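Working notes, beginning with the structure itself.
The values are calculated or read from the model by the stated rules, or taken from the named source; none is laboratory data. Bear in mind the structure is a predicted one, so any value in this text is a computation, not a measurement. Positions of Cβ are backbone-derived with ideal geometry, glycine not excepted, and every protein chain shown enters the neighbour counts.
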Amino acid sequence: MVYDVIIIGAGPAGLAAALDAEYLKLKTLILEAGKAGGALIQSYPWKGVDSYLGFKDMKGKEVADRVVSHAKSMGAEIHEMETVLEVKRGKTFRVKTDKNEYEARAVIFATGIRGVPRKLSVEGESLDGIVHSVSDPKKFKGKKVLVVGGGDFAADCALGLDGAGARVWMAHRKDKLRATDDNREKIAKSGIKMLWNHEVEKFSGGGKLESATLFNNKTDEKMSLNLDAAVICIGSIPAADCLQKLGIKIEKVCVEVDKEGMTSIPGIFAAGDIVTDIKRIPQALATGEKAVYSAYKYLKNPYWK
Ligand SMILES: Cc1cc2nc3c(=O)[nH]c(=O)nc-3n(C[C@H](O)[C@H](O)[C@H](O)COP(=O)(O)OP(=O)(O)OC[C@H]3O[C@@H](n4cnc5c(N)ncnc54)[C@H](O)[C@@H]3O)c2cc1C
């Protein structure tokens with residue numbers, strides 16, 4: 001069977017594309033490496049979703065459940081826990097996963113930017129208790145946790161942990177967060193102890209994390225913290241392999257697309273965080289929709305094009 005479109009990634013961008021693909025009667029398959037819902041379910045199921053019109057006071061998981069079930073109710077075929085390893089270009093596109101191989105006439109990459117979490121590359125980083133995201137802050141209630149990083153992801157994790165009753169330190173190598181004003185204000189009012197200009201020198205423990213040694217990069221002063229857990233939130237290396245193998249240009253973490261959402265390869269489109277400068281749900285939805293309409297025009301050449 002040859003699909004009209006294969007969508008890679010079932011986050012907000014991929015699901016928005018899937019919804020309209022069904023509406024446009026395109027034979028579509030969505031391949032998702034993890035659970036459908038993308039960052040909402042994989043990175044912040046517990047966090048309130050901000051600035052998404054009409055979804056006030058809803059948590060990431062609730063929004064994910066809602067958008068996934070909407071896409072499924074329209075008939076979207078989603079294969080979860082199936083990672084795309086390679087896309088080969090020929091008369092059609094052959095999409096190879098860790099389980100199967102599929103054929104499609106167009107492909108939409110909606111793979112997000114989270115990729116593989118960046119490491120600090122310090123001693124002891126592989127100890128038990130050191131993680132790169134927080135799936136359930138409640139599990140950390142009463143625990144001593146160090147969050148490393150200074151962006152919104154780090155801020156969201158620290159605030160989630162603080163709200164769940166953990167004792168939280170946040171170490172940032174600069175003297176100012178790279179987070180929104182809203183998150184900065186929330187942190188200032190929270191119980192989080194900020195360690196400005198601090199970097200981790202090493203983690204210690206016998207198999208499980210017990211402590212971290214940090215240093216102040218302005219004064220060289222060292223300090224030690226007894227810990228139950230550490231969350232490293234210093235960004236990620238996007239899983240751009242498939243795109244790069246195809247010869248598609250990636251600037252920093254962004255894929256270059258034209259105003260139709262098409263990459264330099266005809267028939268390959270991209271949407272969501274991998275194309276937008278503002279990496280938020282509304283932008284992901286809009287670019288997902290754009291990509292699938294463009295794929296439709298590419299495949300069907302309608303008179304209204
Ligand atoms: C902690 C945090 C809090 C946030 N809070 C908000 C907020 O309150 N409001 C807001 O508007 N935005 C928020 N965002 C941003 C928002 O979640 C993203 O902009 C949005 O999820 C991007 O959607 P996407 O579909 O492009 O990517 P993602 O949601 O990242 O989805 C990409 C999907 O592709 C899959 N994938 C990747 N590679 C492959 C592969 N090779 N094969 C198959 N599948 C693959 C991934 O598993 C993932 O499910 C937040 C982000 C984070 C990390």
*asked:* So, Gly38, is that one closer than 30 Å to Lys141 by Cα and near the ligand (Cβ under 10 Å from one of its atoms) or not?
replied: yes
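Given the options Ala230, Ala154, name the one that is within 16 Å of the ligand (Cβ to nearest atom), modelled with pLDDT of 95 or more and either closer than 30 Å to Gly38 by Cβ or outside any loop (DSSP other than H, G, I, E, B) (or both).
So the residue among Ala230, Ala154 that is within 16 Å of the ligand (Cβ to nearest atom), modelled with pLDDT of 95 or more and either closer than 30 Å to Gly38 by Cβ or outside any loop (DSSP other than H, G, I, E, B) (or both) is Ala154.
Residue by residue, here is whether (1) in a loop (DSSP other than H, G, I, E, B); (2) out of contact with any Phe, Trp or Tyr (no Cβ under 8 Å at 6 or more places or on another chain) holds:
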position: Tyr44; (1), (2): yes, yes
position: Asp50; (1), (2): yes, yes
position: Gly54; (1), (2): yes, yes
position: Asp57; (1), (2): yes, yes
position: Lys61; (1), (2): no, no
position: Ala64; (1), (2): no, yes
position: Val68; (1), (2): no, yes
position: Ala71; (1), (2): no, yes
position: Met81; (1), (2): yes, yes
*Considering the range 262-300 alone, what residues qualify as being within 12 Å of the ligand (Cβ to nearest atom) and among the small types (Gly, Ala, Ser)?*
Ala270, Ala271, Gly272, Ala284, Ala286, Gly288, Ala291
_Would you confirm, using the coordinates I've provided, whether Lys141 is under 17 Å from Gly129 (Cα atoms), away from the ligand (no atom under 14 Å from the Cβ) and free of Cβ contacts under 8 Å to residues at least 60 places away in the same chain?_
yes
*Spot the failing condition for Tyr52; the list is (1) near the ligand (Cβ under 7 Å from one of its atoms); (2) buried (at least 22 other Cβ atoms within 10 Å of the Cβ); (3) over 15 Å from Ser133 (Cβ atoms), and only one is missed.*
(2)
*Across the range 254-266, what is the total count of residues that are surrounded by 18 or more Cβ atoms within 10 Å (Cβ to Cβ) and part of a loop (DSSP other than H, G, I, E, B)?*
3
*Quickly run through the range 101-124 and pick out the residues that are modelled with pLDDT of 95 or more, more than 10 Å from the ligand (Cβ to nearest atom) and part of a loop (DSSP other than H, G, I, E, B).*
Val122, Gly124
